[in-house]
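Here's the structure, in structure tokens; my notes come after.
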Amino acid sequence: MFLYLSRKMGWVFAATFAAIAIGLYMYPTTARPIVGAVAAIGDRAAGGFLESLKSVL
């Protein structure tokens, strides 16, 4: 099950990275603030996940 999920998440990450790379290449002035906002949201979500993981462990 974990192998299936890790493969699926790998494809999701690869597709996301490709979309961001294409967006930065095609529309650099428009895409950079959007990428910054997405990175900030991801950083906040990852921080919350790590804090909850610390509290469990």
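Each value in this text was obtained by applying a stated rule to the coordinates, not by laboratory testing. Since we're looking at a predicted model, the values are computed, not measured. Note: ideal-geometry Cβ built from the backbone for every residue, glycine included; neighbour counts use all protein chains shown.
Can you list residue pairs whose Cβ atoms sit under 7 Å apart, with the first residue in segment 8-23 being within 17 Å of Ala37 (Cβ to Cβ) and the second being surrounded by 10 or more Cβ atoms within 10 Å (Cβ to Cβ)? Count only pairs 6 or more apart in sequence or on different chains.
These pairs meet every condition: Ile20/Val35; Gly23/Ala31.
Do we find that Ile22 is part of a helix (DSSP H, G or I) and surrounded by 11 or more Cβ atoms within 10 Å (Cβ to Cβ) in this structure?
yes
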